[in-house]
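A short write-up of the structure that comes next.
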Amino acid sequence: MRLYHGSLDKLTDMTVHAGDLFNGMFFAADKESAFGPGCEPHYYYTVEIDDSDIADVGELAYEESSVDAAHALWDDDADVMLDIVCDEVTPWAADDEQREVLDRRFSGLEDWELSYELQRQASLLAEKMGYKAVGLHDEHGTSYIVCPGAVMTAEE
């Protein structure tokens, strides 16, 4: 699958790296969705990833390797975090048990920051399970976080 990333800046390093906010970079399945509303990108970048290497966040919990990956990431909170991440539970919709885990693991974050953190956690889980990207649902429909290590190509 070809995925697109729009940017105001010309990139010189064409490798996807883990960032301060997300584990990887956001991409879209089509060029028109590759950049947020209200902005016009100057540059587009693409990556080619086999469909089998792209996880659907909602399906991760059903894979056998998710249990070990979740325990490696979240220790005793693995079951609850797996439910939160794979069901894409928003911080404001978390039940009491989920909220307790979120508050303990990610204390001090505002709900909007926590929603970004949960997207990062989904990417970390997918990467730990051997995927190169994970599809998430957001205001753009399905967006993809491409995990670190992927190499982009400048789109002309």
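Among the residues of the range 60-83, are any under 17 Å from residue 140 (Cβ atoms) and either at pLDDT 95 or above or touching a helix residue (DSSP H, G or I) at 6+ places or on another chain (Cβ under 8 Å) (or both)? First the steps, then the outcome.
Step one: of the range 60-83, the residues under 17 Å from residue 140 (Cβ atoms) are none.
Checked the range 60-83: no residue is under 17 Å from residue 140 (Cβ atoms) and either at pLDDT 95 or above or touching a helix residue (DSSP H, G or I) at 6+ places or on another chain (Cβ under 8 Å) (or both).
Evaluate the range 3-21: report whether one residue or more is part of a strand (DSSP E or B), surrounded by 13 or more Cβ atoms within 10 Å (Cβ to Cβ), at pLDDT below 95 and not hydroxyl-bearing (Ser, Thr, Tyr).
Looking through the range 3-21, at least one residue is part of a strand (DSSP E or B), surrounded by 13 or more Cβ atoms within 10 Å (Cβ to Cβ), at pLDDT below 95 and not hydroxyl-bearing (Ser, Thr, Tyr).
Select from the range 132-156 the residues that are out of contact with any Lys or Arg (no Cβ under 7 Å at 6 or more places or on another chain), surrounded by 20 or more Cβ atoms within 10 Å (Cβ to Cβ) and outside any strand (DSSP E or B) and list them in ascending order.
Residues satisfying the conditions are 132, 152.
Among the residues of the range 108-131, how many are closer than 22 Å to residue 6 by Cα and open to solvent by less than 20 Å² (accessible area, probe 1.4 Å)?
The qualifying residues number 2.
Return the residue satisfying two criteria in turn: it lies in the range 45-66 and is among the aliphatic types (A, V, I, L, M) and either assigned to a strand (DSSP E or B) or without any contact (Cβ under 8 Å) to a residue 12 or more places away in the chain (or both), and of such residues it is most open to solvent (accessible area, probe 1.4 Å).
Among residues in the range 45-66 that are among the aliphatic types (A, V, I, L, M) and either assigned to a strand (DSSP E or B) or without any contact (Cβ under 8 Å) to a residue 12 or more places away in the chain (or both), the one most open to solvent (accessible area, probe 1.4 Å) is 54.
Going by what's in this entry, would residue 96 be described as acidic (Asp, Glu), modelled with pLDDT of 95 or more and farther than 22 Å from residue 138 by Cα?
yes
Kindly indicate whether any position in the range 25-42 is open to solvent by 90 Å² or more (accessible area, probe 1.4 Å) and closer than 18 Å to residue 151 by Cα.
No, the range 25-42 has no match at all.
Return the residue satisfying two criteria in turn: it lies in the range 67-107 and is open to solvent by less than 80 Å² (accessible area, probe 1.4 Å) and not in a helix (DSSP H, G or I), and of such residues it is nearest to residue 132 (Cα to Cα).
Residue satisfying both the conditions and the ranking: 88.
The values are calculated or read from the model by the stated rules, or taken from the named source; none is laboratory data. The shown structure was predicted, so the numbers you read here are calculated from the model rather than taken from an experiment. As a convention, Cβ positions derive from the backbone with ideal geometry for all residues, glycine included, and neighbour counts pool all protein chains shown. Just the protein is used for accessible areas: all its heavy atoms, side chains included, with ligands, DNA and RNA removed. Shrake-Rupley method; radii C 1.70, N 1.55, O 1.52, S 1.80 Å.
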